[in-house]
Amino acid sequence: MRNLRITVHWLLITIFLASCAAPAAPAEKFSVITHPDGPLYVGDQVSFEAVTPAGFKSEGHEVQVSLDEGELGRAGFSPYGVAGRTEAVLWWAWDTRDLQPGPETLTFAILPDGPTWQETVTLHPQSGIPPPEPGARWASVTSDCCILNYITDTAAGRDIASLAQVADEQAADLSVRMDESLSEKIPVVFVPRVLGNGGFTGSAIYVSYLDNDYLGSATAQVLHHEFVHWFDTLAGGDLRPTIFQEGLAVYLSGGHFKPEPLIPRAAALLELDWYIPLGKLADDFYPQQHEIGYLEAAALVSYMVESYGWGAFDAFYRDIRPTPDGRDSQVIDAALQAHFGITFAELEAKYREFLKGQTVTEAVRDDLRLSVLFYDTVRRYQQALDPSAYFMTAWLPDYKVMGQRGIVADFLRHPEGMENRLIEAMLVKADHTLRAGEYNQTEVILKGVNVSLDMLMAGK
Ligand SMILES: [Zn+2]
């Protein structure tokens, strides 16, 4: 009965969403994405991503953006994000503070030989900027481990004292376990919107922190994961293959998005026929199904640490060296032979035998199956309705430059249409039920979200 009510509820939402679908631009043209997301307001500093159509030879080309006769900026094309999408990025090229509300026509030109096209953008009055802007600003606190950057009047601003404590606890744990000490404090940036899978590490650690986060309140887990990457970089190594970088982060964090039994969970991959051959995973890590790849890598690290000891594993991992062939599977194979007298194929055979010997409970299998469905659904939603959050092409401006220029909008604004709010609310619910082990309910909700996304996509 309860399921029937949810289904009917979903049908109504789906019909509504289908009516909201907007036509998409043809794929053979250049497409322009403006930032911050959503409506633009007078005073915004606007960035542009100009994405090339398939097959465009971008070498030697630039995109130029102009308003009236004046050039706002130009930039060349290069691979962007985890996906390596070919695009030109014009960071904060258009300062709109002296303009009046209303339509503005921008001219985009591909130099030197075209095409040229125009796009009209509407600037809304500054008085319409949604809270907590325009009063929000960048601020920071310093803790034992970190410089914690946040935007005032956000959830992170409210909770910054407890966040500092959490960060210190996670960093202290890793400092001991990885035997590394910090010579400089780690820059952490709390972002008040969902980005990718909740965390990114580059020159700083970016962690999503907001109320009603559909990825769950997993801040300690995400910080711990990203801190592993930080300490891992400090510990060094010629070439640290991605399969071990991510495997180590999940292994040392005792789970991916929550604490979880890594070995039984990886054993369930075999039962579900989801196991990815290790050579393929090592050579092409990120394009694989995300949760499966990370889990398999983490359980592999766990198995190796159990078999050889932490010291021997660490020595092997930091001694993997590049070869002319360049493929991670080859260099891993060479290092395995040098350190343990075993090939990668032999290690995989032993690892699979070990997994086959595990007992997999129904709860472990259900949790894994629905975790994969949940995060696949999240990414499907992001690609469809919040593409700046999708991890392969996420919009990740540098917080330092944002601070210097007094910009908070790129992190504060995100799509807030009715369809976004409805689907995010259902994802929040699915995250709660999944974490509570209510698997039947989780499955019903996720099916509803996917049917809605099917309808939306069909309308495009
Ligand atoms: Zn990671």
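Structure data summary
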{"read-out": "Pairwise FRET efficiency - residue 315 versus residue 425, Cβ, R0 = 45 Å, nearest 0.05", "value": "0.40"}
{"read-out": "Label-point separation, residue 356 to residue 307 (7 Å along Cα→Cβ), nm", "value": "1.5"}
{"read-out": "Dipole magnitude of the chain about its Cα centre (Cβ charges: Lys, Arg +1; Asp, Glu -1), debye to nearest 20", "value": "820"}
{"read-out": "Mean residue ellipticity (222 nm) of the chain, computed from DSSP H runs ≥ 4 via -39,500 (n - 2.57), nearest 500", "value": "-14500 deg cm²/dmol"}
{"read-out": "Set 356/429; 280/400; 57/400; 57/280; 185/400; 350/447 screened for pairs whose C-alpha atoms are more than 26 Å apart", "value": "356/429; 280/400; 57/400; 57/280; 350/447"}
{"read-out": "Computed E for residue 233/residue 141 - FRET, C-beta separation, R0 22 angstrom, nearest 0.05", "value": "0.40"}
{"read-out": "Over segment 28-126: Kirkwood hydrodynamic radius from C-alpha pairwise inverse distances, Å", "value": "13.9"}
{"read-out": "Among 109, 72, 130 - extreme Cα towards positive end, dipole of segment 38-169, charges at beta-carbon", "value": "130"}
{"read-out": "Efficiency of FRET between residue 121 and residue 172 - r from beta-carbon atoms, R0 56 angstrom, step 0.05", "value": "0.70"}
{"read-out": "Full-extension gain in nm, residue 289 to residue 211, via 0.36 nm per residue minus C-alpha separation", "value": "25.3 nm"}
{"read-out": "Directionally averaged shadow of segment 180-291, computed from the convex hull of its alpha-carbon atoms, nm²", "value": "8.1"}
{"read-out": "Added length on full extension, which subtracts the Cα-Cα distance from 0.36 nm per residue, residue 349 to residue 383", "value": "8.6 nm"}
{"read-out": "Distant alpha-carbon pairs in the chain (separation over 37 angstrom), percent", "value": "33"}
{"read-out": "The chain, relative contact order in percent, only Cα pairs under 8 angstrom and at least six apart counted", "value": "17"}
{"read-out": "Amide H contacts under 5 Å for residue 77, placed H, 5+ residues apart", "value": "61"}
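Bear in mind these aren't lab numbers, they're just calculated from the coordinates by the rules spelled out. These numbers come from a predicted model, not from an experiment. We place every Cβ from the backbone using ideal geometry, glycine too, and count neighbours over all the protein chains shown.
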